[in-house]
Structures are given as C-alpha cells and as structure tokens.
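Beneath this line is the structure, given in structure tokens, with notes to follow.
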Amino acid sequence: MNPAVGLFAFLAVSLATAVIGFYGLRISRTTGDFYVASRTVPPWWNASAIGGEYLSAASFLGVAGLILLSGTDALWFPVGYTAGYLMLLLFVAAPLRRSGAYTIPDFTEARLDSKLVRRVTSLMVVAVGWLYIVPQLHGAALAIRITTGLPSWVGSTAVVVVVCLTVAAGGMRSITFVQAFQYWLKLTALAVPVVFVLLVLAGNGTQPQAPLPVNPTGQGAAGAYQHISLLVALLFGTLGLPHVLVRFYTNPDGQSARRTTLIVLGLLSVFYLFPTLSGALGRMFAPELAQSGQADALVLLLPGKLVGGMAGDLLSAFVVAGAFAAFLSTTCGLVVSLSGVISQDLFGGSVRGFRLAAVLAAVVPLGFALMTDTLALAGSVGLVFAFTASTICPLLLLGIWWRGLTDAGAIAGMLTGAFLCGGAMVAGTLMGPGNAPAWLAQPAAWSVPAAFAATVTVSIMTKNRVPASVNRVMSRLHVPERPVETER
C-alpha cells in the first residue's frame, strides 16, 4: 500500500471525528448532556451510535483474521457478538433505562443501597474499560505500521489524543454524533471493497490458491469446550459492557431502549456479513497472510493484493479510514463510560471533573498498550468479554430480576469472578499463545457459573441485608413509564 494513501485516510477520519465532536460542544451545556445526552437520543440515532462503539478493532480486523486462520471455527465470534444483543433486549435494556441512573455504579448503589458495592462496581467497570481499550490501541498500532510505515506508537497515541479532545469537548452529546457517523463509515468501508473485489475476481477469472484446512483448530472435547466457553463469554459479556450499557441511559424511555436494541441487532447482522466475506476471500486468495503472521491485517491488505493499482490504493484508503473509525469510536465510548464513573467517584461529578476523568481514562490504557504487543485482536477482546461476564453481568442480571440480591452477595460474586477469570487470563498469558490448556484459554464456561453461584449463595446467607427499598426500586425497573417521564 502507498504510505501516503494510508496517512491521508488516517488524517481524514481523525479530522472528521474532531470536527463532529466539536460540533457537539455547541449543544453540550448541562451535566446531563455530558453524561447521558440529556436522555433525548431517538432509537435510530442511538442504534447507529451503539453500532459505532460496539464494532471495535476485534470486529473490523480481528473477525476476518480469525476466519483466515481458523475457518468456520471463527464464525462463533460474529454469532456471539450479535446474539449478545438479543440477551440485552430480553433482560436488560428497558429496566436499566427505567432505573434513571447515569452509570452502572449509580444503578448498583440505588438497587442495593450500599456505598461499598458502588465502589467495587466502579473498580470493575474501570478494569473492564481499560482492558477493552488496550486492544483498540493495539489495532491502531498495527494499522498505522502496516499502512504508513510509521512506528506503532504513533497510531496508539494519535487515537488517544483525538479521543481525549472529542470526549472532553462535548461528552456523551458529542460522542453520539461521532459514533453514529462512524458506524456507517465502517460499514461502507468494509462493504464497498468486498463488493469491488468480488466483481474484479468474477471478471478476470482468478483462481483460488491451495485452500487452507477448513477447521485447523477446535477438534475433539477441547474444541467443543472452547466453543461453548466462547459463546458464554460473548452472550453474557455483552450484558456487562459499560460503554454499551451507558447508551441505554440516553434513550427517552424503556420502550425506546427496546426499539434501539432491535435496530442494533439488524445493524450488527448486516455489518458482520462483510468481515466474514473478507475472511473467506483471504482463505481462498491470500492464505500466505496466515503463515506470515499478518492475519489481523487481512482487510487492510486484501484490496491492494487482489485489485492493485490506483483502484487498489483507493479501496485500501477506504478500509484504513474504516479501521481508524473503529478504533476511535469504541475508544470514545469506553472513555465516556469510564469518565462518568471516575468523575462521580473522584471529582464530584461536575463537567470539569468529567473532562479530567476523560484524560485519565484514556492515558492509563495507553501506557499498557505501549508496554505490550498482541495481534490476536478478536481473541484478546473475547477474554475481556469473559471477564465482564464473570463480574458485572451477574450483578446486573440478578439486580434486575431477583429481589433477594444483597450487597454482600453482589460483592462476593464480583470478586469471585474477577479472581477466577483474571487469574486464568494471567496464567494463560504467562504460558504463551497456544500453550495454555483450553480451560485457561477460555475460562468463561466455569468462571461465570462460579460468579453467579457465589452471588446467590452469599445473598441467601445474608438475606437480612436485602435493602428496605427493594420493592420500590424493582417496581421502577419493571413498570412501564408514563407517557411523560420526569427525570431526576
């Protein structure tokens, strides 16, 4: 790829993000604007914004790379990512919106009437957010190195600078505009090159190279366990992602939250067609990328390889722009959700505190990203989903649907899940890629049930700690709103 083309695409999407974000500053005036866009975002706009932030580096680059490496085994990722939203629709979206909270810690404090459970929840939210930001910065580092030849740190640092400026400028109001734009940019940036490549291949009669094995991994009992564990992580992990959940607070009411989720399911289903096709094309026409360790760069390199010339450069620039939109939009969403939590717990919840928290929320994971290196984007994000499913998910599901949950049970469940899943992640990392046993490489199948069991058991043992306000709070979560709702 021509480095100038890649650099132009990167600068163009960064500039567009900053301009749209600063436009949001013009209408971001109140604390509610910064935290939840004053709860006035309509379903279609909110669904596009959710698609923008949810479709991360793992979706844009990692899914195609995994399909290149693992064939049909990797299809569990797009299936799990999309199906997780069905779980959100059924169990979380409307009740969470009706809670009236700004953040997940707000919800847990109101539900369990406990400052301590709020603090523990805040720690978990921050941990999940930082774990999720790091792969986005790794993806930016990979993209800038492959497409422009610049050092990897330039990509990671540039993403953090743009995100900090955008989030600090207008908060949730600005980010809503940015992420809605970036969903459609990402979809177009994947769809147009794939369609163009298919037309070129059909026109010149290019024959596939020697095919890669259909399923080189995942055979036998270990493979079945990994598939089940991955699905558990993706289905339940989606329920606890802080940057996704905070968007439901921006809907006007619970009905709008449900409509938003239905629209998101459609948007995700359309999007995942194209990384899947890219991965299939890579297996047929660019299998050498699997052997050279460039699987995660497949969607960046495929147009230049199969089309070539000026047309290939233009298509590659389109893909690069979409890739950086993925890094920026997901990181923006995560930084907004973390800023709300950090600001309320450390800086008093003011607009100035939100802006300080935004810088802190982005700079810390940048340090981790610069000290580490990984190209297994989809796999690393899958582990973040496993951690989320083992910590925040049990708290939310049981907090919404079980009156018997206590603060002690919630804390026990979160700490159990964090210890078990986090320990497995650390042990697997120390063993090295491909060396960890299946139960460490994919811990969700046992860490999630353990977290639920700890939460329920301790709650039953401490049933005297069920808050006196439980009936009132549960009614608010499950009784449909009046036509006009008064916000706190």
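The values are calculated or read from the model by the stated rules, or taken from the named source; none is laboratory data. Every value quoted in this text rests on a predicted model; they were computed, and no experiment measured them. Calculation scope for accessible area: heavy atoms of the full protein, side chains included, ligands and nucleic acids excluded. Shrake-Rupley method; radii C 1.70, N 1.55, O 1.52, S 1.80 Å.
Note on the stretch 46-202: Cα convex hull, mean projected area over all directions, 12.2 nm².
Against the chain, whose longest principal axis comes from its Cα atoms, helix 152-204 is set at around 40 degrees. Between the helical axis of 3-25 and the longest alpha-carbon principal axis of the chain there is an angle of about 30 degrees. In this structure Phe318 has an accessible area near 60 Å², from a 1.4 Å probe over the protein heavy atoms.
Taking Leu395, Leu165, Leu150 and ordering them by how much accessible surface each has at a 1.4 Å probe, largest first, produces Leu165, Leu150, Leu395. For the residues Val270, Val244, a 1.4 Å probe over the protein chains yields an accessible-area ranking, largest first, of Val270, Val244.
In summary, the chain shows an alpha-carbon radius of gyration equal to 0.94 times the 2.2 N^0.38 Å reference for compact globular proteins. Between the stretch 314-368 and the stretch 262-304, what is the C-alpha centre distance in whole Å? The two parts, judged by their Cα centres, are 26 Å apart. Over the stretch 357-464, what is the mean sequence separation of C-alpha contacts under 8 Å (at least six apart), divided by residue count, expressed as relative contact order in percent? The normalised contact order for the stretch 357-464 reaches 36 percent. Taking the longest Cα principal axis of the chain as reference, the axis of helix 377-401 is set at about 20 degrees. Sorting Asp253, Asp407 by accessible area puts them as Asp253, Asp407; the probe is 1.4 Å, largest comes first, and only protein heavy atoms count. Partner lysines whose Cα lies under 26 Å from the Cα of Lys305, excluding those fewer than 8 positions away in the same chain, are identified as Lys186.
Using only protein heavy atoms and a 1.4 Å probe, report how much of Val307 is accessible, in Å² to the nearest 10. Solvent-accessible area, nearest 10 Å²: 40 Å².
The helix-only estimate of mean residue ellipticity at 222 nm for the chain, built from DSSP H runs of length n ≥ 4 each weighted as -39500 (n - 2.57), is -26000 deg cm²/dmol after division by the residue total. The value of relative contact order for the chain, using C-alpha pairs under 8 Å at least six residues apart, is 30 percent. Accessible surface of His478, taken over heavy atoms with a 1.4 Å probe and every protein chain present, rounds to 60 Å². Using C-alpha pairs under 8 Å with a sequence gap of at least 6, the mean separation divided by the residue count of the stretch 266-349 gives a relative contact order of 17 percent.
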